[in-house]
Structure formats: C-alpha cells, structure tokens
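A short write-up of the structure that comes next.
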Amino acid sequence: MERLLVLVRHGQSEWNLQNLFTGWRDPDLTERGIAEARAAGRGLKRDGYGFDVAFTSELLRAQRTCSLILEEMALPDVPIIRQRALNERDYGDLSGLNKDAARARWGDAQVHTWRRSYDVRPPGGESLKDTAARVLPYYIAAILPRVIAGQRVLVAAHGNSLRALAMVLDGLKEEQVPDLQIRTGVPLVYRLNADTTVASKTVLELDVDAGR
C-alpha cells in the first residue's frame, strides 16, 4: 500500500514578488509562480507519482497551484477539496505591509520573531501555534485517514500551514521552527507507515525553466 502524501507550497505570488506580508489576502500567482507550479507537476509526473484526491486552501494562489500541478500531470478528474483550515497564517495588521518597511519600523529582531517563532502573534494576527491549531485537527480528521487507507494525496497550501504539518511529520521541536523553510513550488514527498509515522521523505528538486 502506497500511503503517499505530497505537500506543495504555492508558486510565487504577486505579493511574494513585492516582498509584502500576505496572510489571508488573495493575490494571484506571478508568471514565475505559474512556472513553479507547472514544474512541480512535470516533476511529479516524471517520477511516476499520481493522485486520487487533492486538498487546497480557500486562497487563489494555492488553488491555481493545485490545478496547474494536476493539469501538468494530465489528471483532470482528481477531486479538489478546498478548506479554510489550510489557509495561510493570518498576519493581521502586518498584511499588505512591505517586510523591509516593517523591519525599519519595528526592528529586524521583532519582525523575525513574528515571522519565524512558534507562539508569538503579530498584531491582530495568528502565531504558527494558532495556525497549527486549525491545520492539524483538519489533517487528522480529513487528510490522514485517506492516506492511511491507501489514497495518494496532494496538499497544495501555504508556507505556514505546511510548516505546521511538517513540524509534526518531521518530528521537529519548537526551537527548530525558526529554521524550517518551505520553498515555493517544491514538492515534499512523504510515504507513511500504517501507524501514521513517516517511512520516507523526499524533496523533489526541479528545473523551473525547463518547460518555459
């Protein structure tokens, strides 16, 4: 039984390119982001992966990434489940602000803490701990049972919602979270054991420019 779980952060968004805090705001992918999503699909197809179901958030950049991956894999009939629990972390009052401007206002250390710590909230927003509190119950209730039953599952979501999942899958401690990076458009391929632990993890390296 395969027990395949693939996590992909959305391709570069317009606000990633502009260095803005995005959170629950809803910009589209850039041309680079579209290329990243298509490269992810090509790489997954090249290596022989397939999917029975896909999960994504309620935000456009993740939804388009999901659709582009499946399109490149010639899997038009795979059902896609959209769920708010998989949305990006809410950056609250920082949403829409330039990250360099935020550093100039609050200092490098404070902004780094807001971005990378586990349990410190930005003003009016969520910490990674808060994000995990909605992502992980949904994963346990809706995603994990499908994987354990042998369905091949794709999750196309966001840097912080996937950081919350990777923390658990990779067995990371809170103090390791600041160093955890989830790159745009790069598939993280997990195979699980029957007891839900991770049997293997592969980071799929891609040539984004190959198909452009």
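Per residue of the range 179-184, in order, report the coupling 6.51 cos²θ - 1.76 cosθ + 1.60 (Karplus, θ = phi - 60°) as ³J(HN,Hα) in whole Hz, putting x for Gly and Pro.
Values, residue by residue: 8, 7, 10, 10, 7, 5 Hz.
How much accessible area per residue does the chain have, in Å², with a 1.4 Å probe?
45 Å²
Would you be so kind as to identify which of G92, S127, W106 lies farthest towards the positive end of the dipole of the range 87-157, taking Lys and Arg as +1 and Asp and Glu as -1 on Cβ and the Cα centre as origin?
Of the candidates, S127 comes out farthest on the positive side.
For the range 134-150 and the range 23-42, what is the centre-to-centre distance using only Cα atoms, to the nearest Å?
Between the Cα centre of the range 134-150 and that of the range 23-42, the gap is 25 Å.
Exactly which GluC sites (Glu not before Pro) in the range 49-113 are in a DSSP loop and have at most 15 other Cβ atoms within 10 Å?
E58
I'd like the antiparallel share, as a percent to the nearest 5, of DSSP beta bridges with both residues in the chain.
45 percent
May I ask for the net charge around S57, where only other residues with Cβ less than 9 Å from the Cβ of S57 are counted and Lys, Arg are +1 while Asp, Glu are -1?
Combined, the nearby Lys, Arg, Asp and Glu give +1.
Determine ³J(HN,Hα), in whole Hz, for all residues of the range 148-153 in sequence, where each value follows from phi through the Karplus function 6.51 cos²θ - 1.76 cosθ + 1.60 and θ = phi - 60°; x replaces Gly and Pro.
With the stated coefficients, the range 148-153 comes to 5, 6, x, 6, 8, 10 Hz.
Quickly rank 35-41, 145-151 as a protection proxy: mean count of other C-beta atoms within 10 Å, highest first. Let's see the in-between values first.
Values: 35-41: 26.0, 145-151: 15.3.
Ranking, from highest mean packing down: 35-41, 145-151.
Within the chain, what is the number of lysine pairs with alpha carbons under 25 Å apart, leaving out pairs fewer than eight places apart on the same chain?
Details: K45/K201; K99/K129; K129/K173; K129/K201; K173/K201.
Count of close lysine pairs: 5.
Given Cα pairs under 8 Å that are at least 6 residues apart, what percent is the relative contact order of the chain?
Numbers: 428 pairs, mean separation 69.7, N = 212.
Computed value for the chain: 33 percent relative contact order.
Residues with beta-carbon under 11 Å from that of Q12, excluding Q12: net charge, scoring Lys, Arg +1 and Asp, Glu -1?
In short, 0.
Would you work out the relative contact order for the range 86-182, in percent, from Cα pairs under 8 angstrom that are 6 or more residues apart?
Numbers: 97 pairs, mean separation 32.7, N = 97.
Result for the range 86-182 is 34 percent.
Carbon and sulfur: what percent of the range 65-212's accessible surface (1.4 Å probe)?
It is 47 percent, rounded to a whole number.
The values are calculated or read from the model by the stated rules, or taken from the named source; none is laboratory data. Note that the structure is predicted; figures quoted are calculated from it, not measured. Cβ: placed from backbone, ideal geometry, glycine included. Neighbour counts: every protein chain shown. Just so you know, the surface numbers come from the protein's heavy atoms only, side chains and all, with ligands and any DNA or RNA stripped out. Shrake-Rupley method; radii C 1.70, N 1.55, O 1.52, S 1.80 Å.
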